[in-house]
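All of the numbers you see were taken from the coordinates with simple rules; none came from a lab. Treat the numbers as computed from the prediction; the structure is a model and nothing was measured. Cβ sites come from the backbone with ideal geometry, for glycine too, and all protein chains shown count toward neighbours.
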Amino acid sequence: MDTLLQQLINGLTLGAVYALVALGYTMVYGIIGLINFAHGEVVMIGTMVAFTVIVSLAGSGMPPLLILGVGLLVSVLVCMALGWSLERVAYRPLRGAPRLTPLITAIGMSMVLQNVAMIVWGRNYITFPPMIEKHIYTVAGATFTNVQVAIVTLAALVMIGLIYLVHRTRIGMAMRATAQNPQVASLMGVDINRVIAMAFVIGSALGAVAGCMVGSYYEIAHYQMGFMLGLKAFTAAVLGGIGNLAGAMAGGILLGVIEALGAGYIGQLTGDFLGSHYQDIFAFIVLIVVLMFRPSGLFGERTGDRA
Amino acid sequence: MNQLRMPGVLIALAASVALIGCGKKEEPKVAAAPAAAAAPAAQEEIVVKIGHVAPLTGPIAHLGKDNENGARLAVEDANAEKIVIDGKSVKFELLGEDDQADPKTGTVVAQKLVDAKVAGVVGHLNSGTTIPASSIYNQAGLPQISPSATNPKYTQQGFNTAFRVMANDVQQGSVVGTYAAKDLGAKTIAIIDDRTAYGQGLADEVEKAAVANGAKVVAREFTNDKAIDFKAILTKIKATNPDVIFLGGMDAVGGPMLKQMKELGITAQFTTGDGGCSPELIKLAGDASEGVICTQAGLPADKLPNGQKFLAEFTSKYGPIQIYSPYSYDAVMVLIDSMKRAHSVDPAKYLPEVGKTSYDGVTGKIEFDEKGDIKNGAITVFEIKDGKLVTLKTEGGAMAAAAPAAPAEAKK
């Protein structure tokens, strides 16, 4: 029982991070139908920038929480600028092009960002300085840390903020209008270039937050960390129904929990025929089964074939 | 990933083909230096290319760079000696390649080195890339010396071109497994591996040795070499409450794993092999690395017979040694030494001499058995104390050549 609880806690933390990253994929996809494969790298850059800021402030005598806050803020700002430039440089010139073209550009941008990060931050693993002193709590035999609590809380707050933004503000309304039909939205006076740029900027900001979470949770950063994380988050977005905000959140958390339970119980379920190295396969089997019965994901609407 | 390198690779390939194109015909294995071709000097100078392969990108790029730096230092030292072979002054050149620790890329890069007419190869770093690449070098008749591939299969393929300058996993695994069961008195052991040829191979040997010494394997879990989240498998292991946990994997996996063990309140003794026995592990795991027991195939760096000079020179140029750079240094030196003895830089001519090597390297006396494994390779057990690797004991090795206990010849 305590093992099950522990696996659920493990999965929830992982899932909160997946969900935040998945939101970045889903926002862009929902509006222009583009899978921004460079998003994982934006997350990585977010971690790296936060790392640099934190390390350079570490000796300044500021309180650790403030340093972490400044690191988070700078990283969010840098990633917003990065998201905006990505859209401006790599995707806007290809707005009218066939769908495959911006997809390939996205993969290209992902490699460019990875290699730039390798040049700037080196190829070694970076130890992310722990700014929050870790406390370990034990409840019913399962352990969790204050960092995990902070991650899940922050992720929940950010998601609530995003839902408010999309459903209660003018820019949010413009986003939903553009998602429904860009041509009509622009005829109604919506500046769709601005709306699309905003989707990238907001998605990247969420990515930066997720990047800082990953950094302070695992206390490790590497220029290739964005790739796998991006792939998992993309899977989460598809699982929840890509283009749908609630779907990305649910998909992320679900994927995190499935992975943890998969690794923990797959051996028992299959009588040790499959070991924990099949944990990723387990997650993908769930994805395939969901897509067989609900081809547009758990919360998916018919957004897939538009644009 | 990293397909970005491809254009660069193609250009380099084209360039090397062009270079070989204007090389002299009577020396097909050796590309003549453009300078020498343009202005025939008083003493003929030939350029001998030595290939080096290790992952220079990806999770263990730091280890790859360490290997390459060792080989580079050897080439620089050899050039400083102004070696003359068969009446020609020889200038060695290191052709460093990146295999991304990926078996597929490993074979592509191996073919590239063969096409570039290198005289010999030092590498690769990982067993998983070394084994597939070794058949390409074998077909081309190129001597290959790996400084770090420890999977026994590498030298069991019957290739006369495959050598290694460190003890293999059978030797290392038996030392770790025995140490866990006997010295640490472990009754139960949990084993994790990263599903690479190295991690899996070593973990299997540890399992055998631990079981043979009376310990029980209570969990066998798996991860991959790019993972950073291990909480799920660690939680499962925690439920089995083992005395000792062994990881067959690299430091990049071990670092975060140790931290997560601490968070989960796992108190079992953590042990790992040479891939995790590095300063990087201490850096990544911080306090959580205290008390970790790990082994390296080879002697501790400060006890290397001729190591002090190497240590000083390497550290001043490239910073601290990670793990294998002394071995890649020696691997290059063994190749050059064999060329000297054969009076030829032609792989076909000097290959037989590699097997007859008896060389005093910075890592000790290097001699090969009939398979190409190093004779009497040493295994050292370390403990991490106050953020440093402290030697606990050494088994085998040229320093203790008389010790019959070393299972150097124990092959499957």
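For a modelled paramagnetic label at B:Ser89, 7 Å from Cα along Cα-to-Cβ, the residues of the stretch B:45-68 in reach, with backbone nitrogen under 15 Å, are B:45-48. Highest GNM mean-square fluctuation among A:Gly262, A:Gly46, A:Gly251, for chain A modelled with Cα contacts below 10 Å: A:Gly262.
Between B:Asp360 and A:Ile160, the modelled labels are 7.4 nm apart [label points 7 Å from Cα along Cα→Cβ]. In straight-distance terms, cross-link reach from B:Lys371 covers every one of the aspartates and glutamates whose alpha-carbon lies under 19 Å from its own, apart from those fewer than eight places away in the same chain; here that gives B:Asp169, B:Asp330, B:Glu353, B:Glu409.
Here is the P(r) of the stretch A:1-148: all C-alpha pair distances, binned every 5 Å from 0, give 2, 8, 14, 16, 16, 14, 12, 9, 6, 2, 1, 0 in whole percents.
If you run the Gaussian network model on chain A, springs between alpha carbon atoms under 10 Å, then out of A:Leu187, A:Leu113, A:Leu66 the most flexible one is A:Leu187. Taking R0 as 45 Å, what's the FRET efficiency between B:Thr267 and A:Ile107 from their Cβ-Cβ distance, rounded to 0.05? After rounding, the FRET efficiency stands at 0.50. Take the Cα of B:Asn79, go 7 Å toward its beta carbon, and the backbone nitrogen atoms of the stretch B:102-122 under 20 Å from that spot belong to B:113, B:116-122.
Toward the positive end of the charge dipole of the stretch A:2-293, with +1 on the Cβ of Lys and Arg and -1 on the Cβ of Asp and Glu, the farthest Cα among A:Ile242, A:Met188, A:Val120 is that of A:Met188.
Full extension of the chain segment joining A:Ile119 with A:Asp2 gains 37.7 nm, where the gain is 0.36 nm per residue of separation less the Cα-Cα distance. Backbone amide hydrogens, once placed in the peptide plane, bring B:Leu95 within less than 5 Å of B:Ile50, B:Gly51, B:His52, excluding anything fewer than 5 places away on its chain. Between B:Gly364 and B:Asn306, the built amide H atoms are under 5 Å apart, and every one of these is 5 or more places off in sequence or on another chain. Note: the protein assembly as shown, Cα convex hull, 172 Å³ per residue.
For the stretch A:2-293, pairs of C-alpha atoms spaced more than 28 angstrom apart make up 39 percent of the total.
Out of A:Val209, A:Val21, A:Val116, any idea which swings most in a Gaussian network model of chain A, alpha carbons joined below 10 Å? Highest fluctuation of the listed residues: A:Val116. Remark: the stretch B:280-392 projects, on average over all directions, an area of 8.2 nm² (convex hull of Cα atoms).
Around the amide H of B:Lys216, modelled in the peptide plane, lie the amide H atoms of B:Thr188, B:Ile189, all under 5 Å away and 5 or more residues distant in sequence or on another chain.
Counting only DSSP H runs of at least 4 residues, each contributing -39500 (n - 2.57), and dividing by the residue count of the protein assembly as shown, the helix-based mean residue ellipticity at 222 nm comes to -17500 deg cm²/dmol. Taking a point 7 Å out from the Cα of A:Asn193 in the direction of its Cβ, the residues of the stretch A:75-91 whose backbone N falls within less than 19 Å of it are A:81-91. Using +1 at the C-beta of Lys and Arg and -1 at the C-beta of Asp and Glu, which of B:Val108, B:Gly96, B:Asn138 has the Cα lying farthest in the positive direction of the dipole of the stretch B:85-155? Value computed over the given set: B:Asn138. For B:Lys231, the lysines whose Cα falls under 28 Å of its own Cα, not counting residues fewer than eight places away in the same chain, are A:Lys134, A:Lys232, B:Lys187, B:Lys208, B:Lys216, B:Lys259, B:Lys262, B:Lys283, B:Lys385, B:Lys388. Averaged over the residues of peptide B:220-229, the number of Cβ atoms from other protein chains lying within 10 Å of each residue's Cβ is 6. Binning all Cα-Cα separations of the stretch A:174-307 at 5 Å, short to long from zero, yields these whole-percent fractions: 2, 10, 13, 17, 17, 15, 11, 7, 4, 2, 1, 0, 0. Here r is the Cβ-Cβ distance between B:Lys187 and A:Val55 and R0 is 41 Å; the resulting FRET efficiency, rounded to 0.05, is 0.40. Other residues with beta-carbon under 13 Å from the beta-carbon of B:Ala110 carry, at +1 per Lys or Arg and -1 per Asp or Glu, a net charge of -3.
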